[in-house]
Amino acid sequence: MFQVRIHGRGGQGVVTAAEMLSIAAFREGRHAQAFPSFGSERTGAPVVAYCRIDDREIRVREPIMEPDALIIQDPTLVHQVDLFAGLRPGGIVLLNTGRSFEALGIGELQEHFKTATVPASELARKHVGRPLPNAALLGAFSAFSEQISLEAVTAAIRDKFAGRIAEGNVAAASEAFELLCNAAKKGSGPFSAARQTTQEKGPDPFFVRC
């Protein structure tokens with residue numbers, strides 16, 4: 001089972017991101033589950049949503065405490081919330097930012113996890129007209145993980161949205177995917193491979209689906 005925890009703020013489409021990720025997994029013939037963690041959330045307050053993906057029926061229902069991947073929609077949460085609690089060694093951290101992990105003061109994470117950044121809010125503003133990063137991050141996630149294809153992500157976006165909004169989000173997701181692919185091909189860019197010991201073997205730190 002592959003478990004994803006998505007962090008963001010109210011109004012950024014965190015719950016929708018988890019739903020679209022689960023739809024993408026369903027479209028590829030897999031089992032998936034998505035649900036949010038609700039409290040007294042309001043616009044701008046921290047929000048968490050979860051998604052599980054497996055090849056078999058998923059019976060567990062509790063919040064994800066030990067994720068295989070984190071998708072972080074708002075970089076201002078980095079020093080406000082314990083985002084990285086429970087993340088498995090060698091796991092994935094995908095962060096919505098144009099800055100580096102070092103510039104954000106979290107460069108040490110690159111010693112233990114597979115990390116990448118993508119300016120998802122900027123891509124959303126460019127293609128959709130609003131800085132809603134969820135679709136762009138899912139496009140990047142499809143490049144950065146072995147779990148879903150870009151085709152499944154774009155189909156999920158079109159399931160969730162319609163017309164100009166759908167196509168704008170598809171364009172944002174596609175550009176995010178290409179940004180990570182191009183960086184991987186050049187051997188540079190916003191990537192860092194986890195330095196793993198034998199005991200900390202996790203997902204292949206060099207995998208990019210391009």
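Every number here is computed from the coordinates shown, using simple stated rules; none is lab data. All values derive from a computational prediction rather than experimental measurement. Backbone-built Cβ (ideal geometry, glycine too); neighbour counts: all protein chains shown.
Computed per residue of the chain from DSSP H runs no shorter than four, each worth -39500 (n - 2.57), the mean residue ellipticity at 222 nm is -10500 deg cm²/dmol.
Taking segment 154-182 and a reference point 7 angstrom along Cα→Cβ of ARG130, the backbone N atoms nearer than 17 Å belong to 157-173. Positive end of the dipole of the chain (Cβ unit charges, origin at the Cα centre): among PHE26, GLN80, PRO133, the Cα lying farthest that way belongs to PRO133. Cys residues of the chain that find no other Cys beta carbon under 4.7 Å: CYS51. Between ILE58 and ALA162, full extension at 0.36 nm per residue minus the direct alpha carbon distance yields a gain of 34.5 nm. Modelled this way, with points 7 Å down the Cα-to-C-beta line, the labels at GLN80 and MET1 are 3.0 nm from one another.
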